[in-house]
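Mind looking over this structure? Questions follow.
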Amino acid sequence: MAKYMLIMRASDEAVAAYQDMPFEQVIEAMGRYNEEMMKAGVLLAGEGLTDASDGFVVDFSAEPPLVTDGPYGETKELFNGFWILEVASKEEAAEWAKRCPLGPGSKLEVRRVTEIEDFPQDNEWIQKEAGWREEQAQRAAKA
């Protein structure tokens, strides 16, 4: 099994199209999609994001880093949300991505989520990361 992140990206065209749709229709379509993934046991996490005007950008090309409030001016696509799935293969991740109820101007970028095992196990920081993850799992089990 592997984890994949489905990253929802939308153009200005897609955002405008969604604004023309009844909100209940959008929520119902996404709700059905999420429910399908939950019933199949593949959905680990998923969240939508607020409008870009609520966000900000931290630009590291200056020292100190420069913080700029949204909206961001001209953009080709904005990141609008994500899902994390645990599936048997890249092909299965692609099949779930193709079922997403998105329209023209929207895209899903699908990328595998790295696991601790993908890194050199003799590295001090990788060992610390493994310890932190174990601690989190123990805290979650107690909760």
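Which value, in Å² and to the nearest 10, is the accessible area of residue 114 when all protein chains are kept and the probe is 1.4 Å?
70 Å²
Write out the GluC sites (Glu not before Pro) in region 106-143 meeting two conditions: DSSP loop, and at most 16 other Cβ atoms within 10 Å of their Cβ.
Sites meeting the loop and neighbour criteria: 115.
Can you compute the charge dipole magnitude of the chain about its Cα centre, using +1 on each Lys and Arg Cβ and -1 on each Asp and Glu Cβ, nothing else charged? Give it in debye, rounded to the nearest 20.
Dipole magnitude for the chain comes out near 460 debye.
Using 7 Å Cα-to-Cβ label points, what is the residue 109/residue 143 separation (nm, one decimal)?
2.8 nm
Filter the chymotrypsin sites (Phe, Trp or Tyr not before Pro) in region 1-92 to those in DSSP coil with at most 12 other Cβ atoms within 10 Å of their Cβ, and list the result. Walk me through the intermediate numbers first.
Values: sites: 4, 18, 23, 33, 56, 60, 72, 79, 82, 83; in loops: 60, 72.
Taking region 1-92 and a limit of 12 other Cβ atoms within 10 Å, the loop chymotrypsin sites (Phe, Trp or Tyr not before Pro) found are 60.
Using the structure shown, select from 3/142; 90/128; 90/142; 3/107; 76/128; 39/128 the pairs with a Cα to Cα distance greater than 31 angstrom.
Going by Cα-Cα distance, 90/142; 76/128; 39/128 fall outside the 31 Å limit.
As an exercise, find the ratio Rg/Rh for the chain from alpha-carbon atoms, using the Kirkwood inverse-distance average for Rh.
Details: Rg = 18.4 Å, Rh = 17.9 Å.
Using Cα coordinates only, the ratio equals 1.03.
Test of understanding: in a Gaussian network model of the chain with alpha carbons linked when under 10 Å, which of 44, 66, 85 would top the mean-square fluctuation ranking?
In the Gaussian network model the winner is 66.
The values are calculated or read from the model by the stated rules, or taken from the named source; none is laboratory data. A quick note: this is a predicted structure, and the numbers were derived from the prediction, not measured. Heads up, the Cβs are rebuilt from the backbone with ideal geometry, glycines too, and the neighbour counts pull from every protein chain shown. For accessibility, only protein heavy atoms count, side chains too; no ligands or nucleic acids. Shrake-Rupley method; radii C 1.70, N 1.55, O 1.52, S 1.80 Å.
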